[in-house]
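Report on the structure given below.
The values are calculated or read from the model by the stated rules, or taken from the named source; none is laboratory data. Note that this is a predicted model, so its numbers are computed, not measured. A quick note on method: Cβ atoms are made from the backbone with ideal geometry, for glycine too, and the neighbour counts reach across all protein chains shown. Calculation scope for accessible area: heavy atoms of the full protein, side chains included, ligands and nucleic acids excluded. Shrake-Rupley method; radii C 1.70, N 1.55, O 1.52, S 1.80 Å.
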Amino acid sequence: MNRKLYLILLALLPFFINCGKKEAPILPGDRKNLKIGICPGPYGDLLKKGVFPDLEKKGYKIEIVQFSDYIQPNLALASGDIDANLFQHLPYLKKFTADKNLKLSAIINIPTAPMSVFAGKTKNPKDIKEKASIALPNDPTNLLRALKLFQELGFIKVNPDALPTKASLNDITENKKQIQFLPLEAAQLPRSLESTDFSAINGNFALASGLDLTKAVILEKLAEEHKNIIVVRETEKDSVFAKDIVEAVKSENFETIVDKDFKGFQKPEWFGKRK
């Protein structure tokens, strides 16, 4: 072999070594800068204290984006303005995505502050009067949860076959005191206490407004499907960042933070099975 041919073969050696060798595919979501959407309440602190430390150790840089209602976080996620959100439960996600034709997926549910009934102008449920005023969330799934709490208090009776995705005030089957129900945007409910006798308030908005869950008239016992979920775009549910978020939520640090700083939150079923 002459020297010229030898040099040519030597130059081509890396090509022959790598020939046929496939590069690992880059999955959607394989990135280190993340924006996570939330609504007012405790979940920003829960993420910052319990989830972000583990993600930051893996090189992630995370920004919290706060929204004032339950509509924009899913629209922003679908459009790519944020990478994940944490504010809703599964029935709400299913209805919203069906109505808006969005492709979003839950990756894990987390400890959640329950919906609660707080006293406004009337302090004791036993003192409720004819045509008392009561505020509650205006979206169907949360409205039905609220109606069931008022049923527990003996104010009304609710259709046992009411559908969470289609519930309305028409599902009240008995209202002997002719209570006036006022459906409002969830974010407005804490303010309604000044002008109503009672209000059913989502846990995050109750805590964001400074209300104490231990002073509620009644606390909801959350069904598993009503515990809040972390949501990503459907195309990114198997991405590296989604898996890293789930791993951080299931970490010992997260459990420690929940037990220490978020007392009263109701834990998902997987929490007791993680060990």
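Quick notes on this structure:
- Per residue, the average separation of C-alpha pairs within less than 8 Å and at least 6 apart gives the chain a relative contact order of 29 percent.
- Packing, as the average of other Cβ atoms within 10 Å across residues, places the peptides 184-191, 111-118, 228-235, 30-37 in the order 111-118, 228-235, 184-191, 30-37, highest first.
- Each principal axis of the Cα cloud of the stretch 32-91 was taken in turn, and the coordinate range along them, longest first, works out to 32, 24, 20 Å.
- For the set Thr122, Thr256, solvent exposure ranked by accessible area (probe 1.4 Å, protein chains only) runs largest to smallest as Thr256, Thr122.
- Cα centroid of the stretch 195-231 to Cα centroid of the stretch 97-147, whole Å: 7
- Long-range tail of P(r) for the stretch 182-273 (Cα pairs > 19 Å, %): 56
- Glu247 accessible area, 1.4 Å probe, all protein chains in place, Å² to nearest 10: 110
- With the gyration tensor restricted to C-alpha atoms of the chain, the semi-axes of the equivalent ellipsoid amount to 50, 19, 15 Å, longest first.
- Largest first and in whole Å, the equivalent-ellipsoid semi-axes of the stretch 116-221 read 19, 16, 12, each the square root of five times a Cα gyration tensor eigenvalue.
- For Lys94, solvent-accessible area (1.4 Å; no DNA, RNA or ligand), Å²: 120
- The chain: DSSP helices with Cα axial extent of at least 20 Å and average Kyte-Doolittle hydropathy no lower than 0.5: 3-18
- For the listed peptides 169-175, 80-86, a ranking on the average number of other beta carbons within 10 Å per residue, highest first, reads 80-86, 169-175.
- Each DSSP beta bridge with both residues in the chain is either parallel or antiparallel, and the antiparallel ones are about 50%.
- Couplings 3J(HN,Hα) for the stretch 162-172, derived from phi with the Karplus relation 6.51 cos²θ - 1.76 cosθ + 1.60 (θ = phi - 60°), are 4, 8, x, 7, 10, 4, 8, 5, 5, 7, 7 Hz, where x marks Gly and Pro.
- Full-stretch length increase - Val240, Lys263 - with 0.36 nm per residue and alpha-carbon distance subtracted: 5.2 nm
- Linear extension gain, Asp212 paired with Asn159, 0.36 nm per residue minus alpha-carbon span: 16.0 nm
- Relative to the current alpha-carbon distance between Lys48 and Glu224, full extension at 0.36 nm per residue lengthens the span by 61.0 nm.
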